[in-house]
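Engineer: The structure follows.
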Amino acid sequence: MHDFHYVGSKLYCERVSIDSLVKKYGSPLYIYSQHTLTDHFTKLDLALAPLEHLVCYAMKANSNASVMRTLANLGGGFDVVSEGELRRVIAAGGDARKCVFAGVGKTEGEIEYALRQGIYSFNVESEPEIIRINKVAARLKKVAPIAVRVNPNVDAGTHAKITTGTYENKFGIAFEQVEGVYARASKLKNIKLRGLQMHIGSQLTKVKPFELAVEKVLPLVSKLAAKYKFEFFSIGGGLGIVYNPALDSGSAEWWQSPGNKQILTPASYASALVPLLQPLNLRILIEPGRFIVGNAGILVTRVEYVKRTGKKNFVIVDAAMNDLIRPAFYDSYHEIIPVLRGKSKATISSDVVGPICESGDYFAKDRPLPKVGEGDYLALLSAGAYGSVMGSNYNSRGLIAEVLVNGNKSAVIRERQELETIWERESIAPWLK
């Protein structure tokens, strides 16, 4: 599942000890395993081999250039949601012709840039967007490829802030309206109907919601593909990962057990969906993000203080919610382990908190953890997705460094931000001088 493991008392990433990386590059620090990235992408790609397909990595999960170069070198495409993301793909060596452009609020400038770069398809979310794309394409004397994002109204059973496939969400076009949308779009001279897309949510750890959504949409896809000569059907992303091994299987070595069936795997995903999709004879696109990069990264943080009150044991660390916002934003769980583990198995119920002046600045509450003290280091696992990419400068804190490990090699793939650069683009209004 990932390449973070103990050798004796020391935590390693592949063949490099975490403590040596912290000594070299400082703390807090994001660390990624290239082998894990490659392994996750390859397993998913191979599982879908019976289909003509393209894996379009959802780069919103982690847009670091080295992460994207790794996946581009494996033949991957990309799912982008802004001009900035598309520019990042190209800068990292990716191919715009393997990119799909999602998102509900595409501007005219973004549409124009994507068309000039030869985007594979726009995943459109509304009829006004189709009209806008047609207008921009006409001005450029181009034909714009689109796929309507159908909202299948399937509840994925995930967190309310990451579900996308019901009529309560802002995404997509209602299932019952899609045929009419295609009929009207087919009359626009600068629009090419290239496919159909769906996406029901993020962090799904069971196959059933995917099956239900695909089964519901399949008759519609077949009908529209025959009528408009589609090239592809995108089944979206949303494949989840394990954040809490104890909760998901009761074993810290859950991922090593061939008999574990509690978590979605490439094999279980493909075995359920490939038989449904093969009769379409269409290219199948998939847009995973978290599944590829989530367990490939950790956040390492230094213990600054241990504060004991009458009711709580606070472990105060140098990382904060501006570095990893998921616990504060989603109440998300990240497994926390020591970089150097001691011999004692005794634990103490602790709150792991950061230095930001917000009560929500925490990584764990009432978590049984080994006893730690000032200068010790902790690793927050499964931090590769929606970690650094959602970082901010809140409290004028600099963005932290990122490191990629490949075997026994390591390299900084984003330098630690110097504090002065946070405000370097600000200026004092002339009447204040």
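The values are calculated or read from the model by the stated rules, or taken from the named source; none is laboratory data. Worth saying up front: this structure is predicted, and the values here are computed from it rather than measured. So basically every Cβ, Gly included, is an ideal-geometry build from the backbone, and we count neighbours across all protein chains shown.
Engineer: Taking segment 179-236, which residues are free of Cβ contacts under 8 Å to residues at least 24 places away in the same chain and among the hydrophobic types (A, V, I, L, M, F, W, C)?
Structural biologist: 183, 226 - these are the residues of segment 179-236 that are free of Cβ contacts under 8 Å to residues at least 24 places away in the same chain and among the hydrophobic types (A, V, I, L, M, F, W, C).
Engineer: Looking at segment 184-230, which of the residues that are of a type in the set (Ser, Thr, Tyr) and closer than 27 Å to residue 386 by Cα is modelled with the lowest pLDDT? Full working, then the answer.
Structural biologist: In the first step, residues of segment 184-230 are kept if they are of a type in the set (Ser, Thr, Tyr); the result is 186, 202, 205, 222, 228.
Add one more test, that the residue is closer than 27 Å to residue 386 by Cα, and what stays is 202, 205.
Numbers: 202: 81, 205: 85.
Ranking the qualifying residues of segment 184-230, first place goes to 202.
Engineer: With respect to the numbered conditions (1) within 20 Å of residue 186 (Cα to Cα); (2) touching a residue at least 40 places away in the same chain (Cβ under 8 Å); (3) of a type outside the set (A, V, I, L, M, F, W, C), which one is the sole condition not fulfilled by residue 129?
Structural biologist: Residue 129 satisfies every listed condition except (2).
Engineer: Right, another one. Those residues that are in a loop (DSSP other than H, G, I, E, B), hydroxyl-bearing (Ser, Thr, Tyr) and either within 30 Å of residue 192 (Cα to Cα) or at pLDDT 55 or above (or both), I need them from segment 231-266; list them, please. Spell out the reasoning first.
Structural biologist: So in segment 231-266, the residues in a loop (DSSP other than H, G, I, E, B) come out as 231, 235-238, 240-244, 250-253, 257-265.
Add one more test, that the residue is hydroxyl-bearing (Ser, Thr, Tyr), and what stays is 243, 251, 257, 265.
Listed by number, the residues that qualify are 243, 265.
Engineer: Identify, from the list 67, 80, 89, the residue that is buried (at least 22 other Cβ atoms within 10 Å of the Cβ), outside the structural domain of residue 275 (by TED's automatic domain parsing), closer than 26 Å to residue 273 by Cα and within 17 Å of the chain's Cα centre (by Cα). Full working, then the answer.
Structural biologist: Details: 67 fails: closer than 26 Å to residue 273 by Cα; 89 fails: closer than 26 Å to residue 273 by Cα.
None of the others qualify; the one that does is 80.
Engineer: Which number in (1) outside the structural domain of residue 321 (by TED's automatic domain parsing); (2) of a type in the set (Phe, Trp, Tyr); (3) outside any helix (DSSP H, G or I) marks the one condition that residue 269 misses?
Structural biologist: Status for residue 269: all satisfied but (3).
Engineer: Something else now. Is one or more of the residues making up segment 402-424 under 21 Å from residue 311 (Cα atoms), assigned by TED's automatic domain parsing to the domain that holds residue 322 and either among the hydrophobic types (A, V, I, L, M, F, W, C) or modelled with pLDDT under 95 (or both)?
Structural biologist: Just the residues of segment 402-424 that are under 21 Å from residue 311 (Cα atoms), to begin with: none.
No.
Engineer: Considering every residue within segment 118-131, establish whether at least one is of a type in the set (Gly, Ala, Ser), modelled with pLDDT of 95 or more and exposed (fewer than 14 other Cβ atoms within 10 Å of the Cβ).
Structural biologist: Yes, segment 118-131 has at least one match.
Engineer: Filter segment 375-433 down to residues that are under 22 Å from residue 66 (Cβ atoms) and hydroxyl-bearing (Ser, Thr, Tyr), then give me how many there are.
Structural biologist: Matching residues across segment 375-433 total 6.
Engineer: Within segment 349-363, how many residues are surrounded by fewer than 20 Cβ atoms within 10 Å (Cβ to Cβ) and small (Gly, Ala, Ser)?
Structural biologist: Residues in segment 349-363 being surrounded by fewer than 20 Cβ atoms within 10 Å (Cβ to Cβ) and small (Gly, Ala, Ser): 3 in total.
Engineer: For segment 291-314, which residues satisfy the criterion of being surrounded by 24 or more Cβ atoms within 10 Å (Cβ to Cβ) and either touching a Gly at 6+ places or on another chain (Cβ under 9 Å) or in the same structural domain as residue 245 (by TED's automatic domain parsing) (or both)?
Structural biologist: Looking only at segment 291-314, we keep the residues that are surrounded by 24 or more Cβ atoms within 10 Å (Cβ to Cβ), and these are 291-301.
Matches in segment 291-314: 291, 292, 293, 294, 295, 296, 297, 298, 299, 301.
Engineer: Can you confirm whether segment 392-407 contains a residue that is surrounded by fewer than 17 Cβ atoms within 10 Å (Cβ to Cβ) and closer than 22 Å to residue 293 by Cβ?
Structural biologist: yes
Engineer: Given the condition more than 27 Å from residue 81 (Cβ to Cβ) and among the aliphatic types (A, V, I, L, M), answer yes or no: does some residue in segment 417-425 qualify?
Structural biologist: yes
Engineer: Surrounded by fewer than 20 Cβ atoms within 10 Å (Cβ to Cβ) and either more than 17 Å from residue 120 (Cβ to Cβ) or touching a strand residue (DSSP E or B) at 6+ places or on another chain (Cβ under 8 Å) (or both): which single residue out of 30, 57, 6 fits that description?
Structural biologist: On the way: 30 fails: surrounded by fewer than 20 Cβ atoms within 10 Å (Cβ to Cβ); 57 fails: surrounded by fewer than 20 Cβ atoms within 10 Å (Cβ to Cβ).
The conditions single out 6.
Engineer: Test residue 136 against the stated conditions and say whether it is more than 19 Å from the chain's Cα centre (by Cα) and either surrounded by 20 or more Cβ atoms within 10 Å (Cβ to Cβ) or in a loop (DSSP other than H, G, I, E, B) (or both). Give the steps one after another, and end with the answer.
Structural biologist: Values: more than 19 Å from the chain's Cα centre (by Cα): yes; either surrounded by 20 or more Cβ atoms within 10 Å (Cβ to Cβ) or in a loop (DSSP other than H, G, I, E, B) (or both): yes.
Against the criterion (more than 19 Å from the chain's Cα centre (by Cα) and either surrounded by 20 or more Cβ atoms within 10 Å (Cβ to Cβ) or in a loop (DSSP other than H, G, I, E, B) (or both)), residue 136 qualifies.
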